[in-house]
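Every read-out reported here was derived from the displayed coordinates using simple, explicitly stated rules and does not represent laboratory data. Owing to the predicted nature of the structure, the values given are computational and were not obtained by experimental measurement. Glycine also receives a Cβ, built like all others from the backbone with ideal geometry; neighbour counts cover every protein chain displayed.
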Number of protein chains: 2
Amino acid sequence: MSESLSSIKGISCAAINASIKNNDALDLSVVSLVPGTTTAGVFTQNVFCAAPVVVAKNHLQQTPLALLINSGNANAGTGTQGMENTLKTCELLANDLGIKIEQVLPFSTGVIGQQLNLSKFEEGIPKVTTQLSGVNLAQVAKGILTTDLVEKTISKQFNINGETVTITGIAKGSGMIRPNMATMLSFIFTDLKATQDQLQACLTTATNQSFNRITVDGDTSTNDACTLSATGTSGVSIDECEAEFQQVLNTVTKALAHKIIKDGEGATKFVEVCVKGGSSNEDCLEVAYTVAHSPLVKTALFASDANWGRILAAVGRANIANLNIEDINIYLNNVSIVKSGEPDASYTEQAGSAEMVKENIVITIEIGTSDAQESVWTTDFSYDYVKINAEYRT
Amino acid sequence: MSESLSSIKGISCAAINASIKNNDALDLSVVSLVPGTTTAGVFTQNVFCAAPVVVAKNHLQQTPLALLINSGNANAGTGTQGMENTLKTCELLANDLGIKIEQVLPFSTGVIGQQLNLSKFEEGIPKVTTQLSGVNLAQVAKGILTTDLVEKTISKQFNINGETVTITGIAKGSGMIRPNMATMLSFIFTDLKATQDQLQACLTTATNQSFNRITVDGDTSTNDACTLSATGTSGVSIDECEAEFQQVLNTVTKALAHKIIKDGEGATKFVEVCVKGGSSNEDCLEVAYTVAHSPLVKTALFASDANWGRILAAVGRANIANLNIEDINIYLNNVSIVKSGEPDASYTEQAGSAEMVKENIVITIEIGTSDAQESVWTTDFSYDYVKINAEYRT
């Protein structure tokens with residue numbers, strides 16, 4: 001569920017239902033940023049990135065003063081018409097707020113391949129902007145959801161030189177989740193003072209150990225985006241506390257990323273796949289993703305079946321050089337399953353089953369003795385995953 | 001269903017229920033090869049390959065005179081004990097037939113990670129060998145099945161210099177299907193005369209365009225194996241007809257591979273993903289597999305939902321260099337969906353839906369203008385896939 005959110009001075013926002021979705025859920029959100037705010041962003045690496053991603057990346061070269069988010073229509077795969085429509089929605093908000101088109105960052109999520117209905121924005125934008133308020137971030141956390149079941153929010157504070165710095169973040173995402181250098185949609189705000197370059201460096205570091213390490217189905221979205229905005233309203237500069245800020249930001253992004261996995265489409269399990277000792281971090285990641293994406297491993301997790309042979313088979317087909325059976329150890333939580341490439345003599349089906357029925361499972365795979373280590377977080381594969389995605393457009 | 005099978009002179013075989021499975025299905029098969037037969041084989045590239053794969057590869061260095069196949073227990077992930085057990089089963093059959101241990105090729109499929117119960121083989125092998133007959137290949141085609149619903153068999157003949165040459169093949173496989181340089185289990189026989197080297201070259205060529213191009217779930221098995229045995233009993237030498245033989249063998253392996261896909265776990269659709277114009281065949285394959293493995297594409301296929309945005313998103317995340325949106329065209333059967341990276345103006349949802357409800361679907365993706373082209377064959381992702389794999393060991 002949504003946690004209590006600390007507001008950030010200088011951020012005002014609201015979300016409404018503008019009938020972009022086919023139901024009465026909130027679907028149009030605006031976040032207004034006080035002048036002086038700096039913003040950094042990371043975006044999907046999917047070649048077919050959506051029109052709003054292209055425009056948002058471009059507009060980040062200016063100093064953004066507003067975020068415009070719709071959660072009914074992804075505006076992806078919509079060609080030049082989609083690009084023109086995105087710019088038109090930015091223009092509508094810019095005119096309403098008295099700022100420049102280039103100061104609006106647009107974001108979209110929802111169905112791919114349909115053109116926006118601009119009349120919904122013409123009607124909706126004046127409505128949402130009249131409701132802008134400093135305490136509405138929880139409403140926006142609802143307004144950006146699609147197939148998500150719960151809002152994903154977090155606030156963290158730290159003290160430096162007698163001052164309090166706050167970081168508040170919101171995110172959405174449930175399916176088509178394997179972010180690549182970005183996330184689904186996530187918006188993070190802080191009252192720290194920082195340059196865009198400083199924010200960008202912190203955000204890249206934070207997303208690489210959080211959003212870029214989660215996967216529901218291996219399908220990287222066309223619309224992933226994550227921004228970090230710093231209003232400077234706390235009076236504290238990042239120069240006084242860069243290490244602390246990075247550490248708390250890492251905590252915030254990791255918490256939001258894990259909330260996305262826990263709300264993964266049809267998910268009944270929260271699974272960490274931790275791979276250690278590869279000849280590089282890339283090798284560790286390759287093995288981790290191969291296990292995390294295996295439909296056979298994921299259905300065994302759903303069934304709480306300690307069918308560890310499927311884990312072993314997935315490790316064995318990972319696309320890395322020099323994988324030696326005799327170096328491999330596998331653990332289910334703290335239960336040793338495979339030791340030096342052979343079934344651990346102490347393993348019992350009962351011990352394995354006792355771990356598989358748990359909601360939180362850590363699969364640890366040692367493939368060598370180096371210090372390299374990577375974790376990815378994923379879910380199981382259930383009837384409901386098929387149901388949700390077979391019926392998504394009906 | 002099983003097609004009418006031409007027997008091959010010099011091949012005798014049988015299958016029985018030896019209670020290796022928990023039911024009364026056939027589970028222990030023996031194929032006896034007339035002295036003078038040459039045999040080639042290709043095997044899984046999974047690092048954790050099963051004990052029988054290790055032994056069969058080793059025994060191929062001799063001249064095999066018998067195949068021993070159990071379909072109840074994969075004998076994979078079973079360490080040194082599994083290796084000893086495999087050799088023991090070879091010994092049991094060798095003693096029974098009066099041949100050398102090294103002349104027996106062992107194969108296994110079924111549950112991973114459990115040791116063989118040798119007493120089942122001690123009892124079963126004498127029973128099955130008393131039933132060996134030249135006309136029992138259809139029985140063996142049943143005897144090698146696990147979660148398969150139907151037998152996969154084919155016979156083809158061609159004439160050369162007034163003589164008839166026959167190729168007869170059987171295969172099994174339904175889940176954990178993404179063969180890599182091999183197949184699940186497939187056994188192919190011919191009465192042609194050929195050396196092992198000649199057979200090996202033909203088999204490698206044939207499997208690369210058939211078994212190595214199918215995928216159900218991306219999970220490469222630990223037990224994949226395919227053999228080709230040539231008895232020479234037709235009196236025709238491969239030197240007289242290498243091109244014809246290769247062509248017919250390609251037809252046989254492709255037909256068997258497609259039968260595996262059509263019987264894929266929970267499959268309701270037979271889907272070809274054809275990618276053209278990449279800067280290399282490897283690039284075409286990478287794009288094809290990315291689409292074929294996408295859970296979102298596969299659930300849309302199951303739902304007969306023309307949600308082509310998911311195809312586009314999968315193409316966009318494929319791990320190849322220099323993918324340019326403006327070069328990309330996508331077709332659903334003959335319906336153009338995406339043209340030069342944008343939605344085709346002529347496309348209608350109705351036209352897309354009319355193709356998606358079909359049982360046979362070809363997704364053609366042009367990513368450039370080169371001659372490179374690769375196809376992979378796959379299935380949709382249904383409730384039954386989850387059900388079959390969640391309940392596999394219960």
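Here are some notes:
- Computed over chain B, relative contact order equals 17 percent, with contacts defined as Cα pairs under 8 Å that lie 6+ residues apart.
- Span from the the range A:102-176 Cα centroid across to the the range A:277-297 one, whole angstrom: 33 Å
- Mean-position separation - Cα centroids, the range A:212-267 and the range B:38-73, in angstrom: 49 Å
- Computed over chain B with a Gaussian network model linking Cα atoms closer than 10 Å, the most mobile of B:Ile11, B:Ile112, B:Ile188 is B:Ile112.
- Prolate is the label for the range B:66-169. Its Cα gyration tensor axes, ordered a ≥ b ≥ c, give a/c of at least 1.5 and a/b above b/c.
- About its Cα centre, the dipole of chain B is roughly 840 debye, where the only charges are +1 on Lys and Arg Cβ and -1 on Asp and Glu Cβ.
- With 30 Å as the limit on Cα-Cα distance, the pairs of A:Lys269/B:Lys254; A:Lys259/B:Lys269; A:Lys152/B:Lys358; B:Lys120/B:Lys152; A:Lys254/A:Lys276 that go past it are A:Lys269/B:Lys254; A:Lys259/B:Lys269; A:Lys152/B:Lys358.
- Calculated [θ] (222 nm, deg cm²/dmol) that DSSP helices of n ≥ 4 give over chain A, each run adding -39,500 (n - 2.57): -10000 deg cm²/dmol
- For a straight C-alpha distance cut-off of 18 angstrom, the lysines reachable from B:Lys9 (same-chain residues fewer than eight places away being disregarded) are B:Lys156, B:Lys193.
- Computed over the range A:1-159, Kirkwood Rh from alpha-carbon pairs, angstrom: 15.8 Å
- Of the residues B:Ala313, B:Ser32, B:Leu93, the one whose Cα sits farthest towards the positive end of the charge dipole of chain B is B:Leu93 (charges of +1 on Lys and Arg Cβ, -1 on Asp and Glu Cβ, taken about the Cα centre).
- Dipole axis of the protein assembly as shown (+1 Lys, Arg; -1 Asp, Glu on Cβ), positive-most option in A:Tyr383, A:Ala141, B:Leu105: A:Tyr383
- Between this copy and the others, label points of B:Leu132 are 8.7 nm apart in ascending order, each placed 7 angstrom from Cα in the Cβ direction.
- In sequence order, calculated HN-Hα J values of the range B:225-232 (Karplus, 6.51, -1.76, 1.60; Hz; x Gly/Pro): 7, 9, 10, 10, 10, 10, 7, x
- Stretchable slack from B:Val34 to B:Gln373, in nm (0.36 nm times residue separation minus alpha-carbon distance): 118.0 nm
- With only Cα atoms counted, the range A:154-258 has Rg and Dmax values of 13.7, 45 Å.
- Helix runs (DSSP H) in chain A reaching 24 Å along axis by Cα, Kyte-Doolittle at least -1.0: A:79-97, A:242-262
- Computed over the range A:180-316, the convex hull of the alpha-carbon atoms projects to a mean area of 9.7 nm².
- Fraction of beta bridges assigned by DSSP in the protein assembly as shown that are antiparallel (%, nearest 5): 70 percent
- The P(r) of the protein assembly as shown has a tail past 43 Å containing 34 percent of all C-alpha pairs.
- Taken over chain A, the convex hull of the Cα atoms encloses 138 Å³ per residue.
- Taking 37 °C and 0.692 mPa s as conditions, the range B:270-378 diffuses translationally at an estimated 243 µm²/s according to Stokes-Einstein applied to its Kirkwood radius (Cα pairs).
- Note that the range B:50-94 shows a convex hull volume over its alpha carbon atoms of 68 Å³ per residue.
- For the pair B:Glu163 and B:Asp327, the difference between a 0.36 nm per residue extended length and the Cα-Cα distance amounts to 54.0 nm.
- Base-10 log of normalised Debye intensity for the range A:254-320 (one unit scatterer per alpha-carbon) at q = 0.13, 0.24 Å⁻¹: -0.40, -1.10
- Distribution of pairwise C-alpha distances over the range A:77-127, 5 Å bins, in %: 5, 20, 30, 26, 14, 5, 0
- Beta bridge orientation in chain A: antiparallel %, DSSP, nearest 5: 70 percent
- Relative contact order (percent, whole number), the range A:271-394, Cα cutoff 8 Å, 6+ residue spacing: 44 percent
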